[in-house]
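See below for the structure under consideration.
The values are calculated or read from the model by the stated rules, or taken from the named source; none is laboratory data. No experiment lies behind these values; they were computed from the predicted model shown. Note that we place each Cβ from the backbone using ideal geometry, even for glycine, and neighbour counts take in every protein chain shown.
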Amino acid sequence: MSNIGDYIMPIMALIIIIFGLCKKVSVFDVFSLGAKDGLTTTFRIIPALVGLMVSVSMLKASGALDIITYTLSPIAKVLGLPSEVLPLALLRPVSGSGSLALIENILSEYGPDSFIGRVASVIQGSTETTFYCVAVYFGSVGIKDTRHTIPSALASDFVGIIASAIAVRLFFDIL
């Protein structure tokens, strides 16, 4: 027995084709032009993405992430943030896949219903991969000067990280 969700993409493709034909648009030519623009954009942003992936790998492999985590642990304790989620909080603005691997480790070690697991889950859901988004979105349209974007985005990530521990304490009555 199939699910309606199995048909969503084919139905959407058919609707787009029918709409294009009704508007007398050369659907295949427009599709080809969009695919070409997508490849051009991909090639334009690849250097920034490679740089991000290399820097994340170096940060983890060198042990620098562990040193930074150890150094920031007293501050995290004052802020009510479990030190076990600090690597996630530090890596989340840089790498989505890296932070996903960290949250998987946290959930398998501490459990999804633990305070640490819940805080990690809220951090994952309430923060953004700031540098990745800036590299992709700004790079795709050729913007080189990010001005206030990165400081304000990192400030919102910081608020999301701190608020995650507060929210988990409030919603799960952990005081």
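Quick notes on this one:
- Check on residue 106, within 26 Å of residue 174 (Cβ to Cβ) and surrounded by 15 or more Cβ atoms within 10 Å (Cβ to Cβ): yes
- Checklist (1) part of a helix (DSSP H, G or I); (2) under 26 Å from the mean Cα position of the chain (by Cα) applied to residue 15, failing item: (2)
- Filter result for the condition that a residue is hydrophobic (A, V, I, L, M, F, W, C), over 26 Å from the mean Cα position of the chain (by Cα) and more than 23 Å from residue 128 (Cβ to Cβ), over 67, 8, 4: 4
- Members of the stretch 88-99 found to be touching a Ser or Thr at 6+ places or on another chain (Cβ under 6 Å) and buried (at least 21 other Cβ atoms within 10 Å of the Cβ), listed by number: 88, 91, 92, 93
- Which listed residue, of 109, 104, is farther than 14 Å from residue 123 by Cα, out of contact with any helix residue (DSSP H, G or I) (no Cβ under 6 Å at 6 or more places or on another chain) and either assigned to a helix (DSSP H, G or I) or aliphatic (A, V, I, L, M) (or both): 109
- Residue match in the stretch 37-59 (condition: among the small types (Gly, Ala, Ser), out of contact with any Lys or Arg (no Cβ under 8 Å at 6 or more places or on another chain) and either more than 22 Å from residue 136 (Cβ to Cβ) or not in a helix (DSSP H, G or I) (or both)): no
- Failed item, numbered, when residue 118 is tested on (1) closer than 28 Å to residue 49 by Cβ; (2) touching a residue at least 40 places away in the same chain (Cβ under 8 Å); (3) basic (Lys, Arg): (1)
- Every condition in (1) touching a Ser or Thr at 6+ places or on another chain (Cβ under 8 Å); (2) of a type in the set (S, T, N, Q); (3) under 22 Å from residue 162 (Cβ atoms) holds for residue 41 except the one numbered (3).
- Looking only at the stretch 124-161, and only at residues there that are buried (at least 16 other Cβ atoms within 10 Å of the Cβ) and β-branched (Val, Ile, Thr), the one that is modelled with the lowest pLDDT: 136
- Subset tally (residues that are surrounded by 11 or more Cβ atoms within 10 Å (Cβ to Cβ), polar (S, T, N, Q) and at pLDDT 90 or above) for the stretch 27-68: 1
- Residue list for the stretch 131-175, restricted to those being assigned to a loop (DSSP other than H, G, I, E, B) and touching a residue at least 40 places away in the same chain (Cβ under 8 Å): 142, 172, 174
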